[in-house]
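One structure is given here, and the rest of the page talks about it.
The values are calculated or read from the model by the stated rules, or taken from the named source; none is laboratory data. The model shown is predicted, which means the values in this text are computed figures rather than measured ones. Reconstructed Cβ throughout: ideal geometry from the backbone, glycine too, with neighbour counts over all protein chains shown. These area figures cover heavy atoms from the full protein model, side chains too; ligands, DNA and RNA do not enter into them. Shrake-Rupley method; radii C 1.70, N 1.55, O 1.52, S 1.80 Å.
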Amino acid sequence: MMCLKMSDVKEKTGFWKNIPRDKKFLMIVLAGFMLLIFDQHITCPWLNGIYPSFQQYSGLTSDEFQLYTLNYLFGMKANIYSYAEGPKAIGEMAYNIKIDIFPDLLGYILIAVGLKKLSGKTKIFNIAVMTSGIAILLYMGIRVLPFIFNGQQLSHICFWGIIAQFGIEVCIGYMFVYGLCDLLSGYQYVRDRKAIVLSWFTTVILNAVVTMLTWMSWFLNPMFYTFYNMFDLAVNLLFFYFIFKNRDYILGYKKA
């Protein structure tokens, strides 16, 4: 039995070693984008004391805005009161820390590492690497904001941080797709370039809607949210398929 296990390890190691260097880094980049798409949070009550107590503000910023924004980034719990007439009201809010088991931070790091190794093929990958570095800094910076700000100010800064994070992700994706199309230059690759660009553009629209739905997820129907996420994932996988199908032509191992 021990011999069989050792041989299995050798076969797996040999498989990875036999993959050309550039293909490995392209797979690492795609794995990074996958982590940005997958969002599966688990609640970690033992971390709730890590941030100072949230000071709810009832002025210009609505309770819903504060709850949606901070729940999106950190996790929040609140008491919901129902009245005989009129809408529900949000009571006291407190942090209910949740952690993404597919962390975006790791995704940015994988994208930066992979594109850095592939930057010799097209210059725009270098710019994408620097943009990924900005995304890493922004991600980490947002997570320390509750130590510095609170209440209305924290909610507003975090809200614009969410928009900035999504905008940077779109920029990274655009530069990645631009670089792929640059490597697939030539009339014979027109159909492949169109497939990659169209599928990426569709993922941007769907991911924007997912971001908005996640922001509002506190009051959304879980079934609707799950269904839309599955649809978004299917389109993203189609985008990855078009890239992976043309990997040998993108990396220059084959010519059409």
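Quick notes on this one:
- Entries in K116/K194; K24/K254; K23/K194; K117/K255; K23/K245; K123/K254 that, when Cα-Cα distance is taken, lie over 19 Å: K116/K194; K23/K194; K117/K255; K123/K254
- Restricting the trypsin sites (Lys or Arg not before Pro) of the range 122-216 to loop positions (DSSP other than H, G, I, E, B) with no more than 11 neighbouring Cβ atoms within 10 Å leaves K123.
- Helix 21-37 axis versus longest C-alpha principal axis of the chain: approximately 20°, rounded to the nearest ten.
- Positive-end extreme of charge dipole, the chain - chosen from V113, I148, L233 (charges on Cβ): V113
- Within the accessible area of the chain (1.4 Å probe), percent carbon and sulfur: 67 percent
- Gyration tensor (alpha-carbon) shape descriptor, the range 65-194, a/c threshold 1.5: prolate
- The residues of the range 72-225 have, on average, 53 Å² of accessible surface per residue, using a 1.4 Å probe with all protein chains present.
- With Cα atoms, 0 to 90° folded angle of helix 104-118 axis to the chain main axis: 20 degrees
- Degrees, to the nearest 10: 151-183 long Cα axis against longest axis of the chain: 10 degrees
- Global form of the range 109-256, assessed from the alpha-carbon gyration tensor, a/c cut-off 1.5: oblate
- Relative contact order (%) - the chain, alpha-carbon pairs under 8 angstrom, separation at least six: 21 percent
- Cα-Cα pairs of the range 177-256 separated by more than 19 Å (percent): 45 percent
- When the helices of the chain are scored as -39500 (n - 2.57) per DSSP H run of n ≥ 4 and the total is divided over every residue, the value at 222 nm lands at -23000 deg cm²/dmol.
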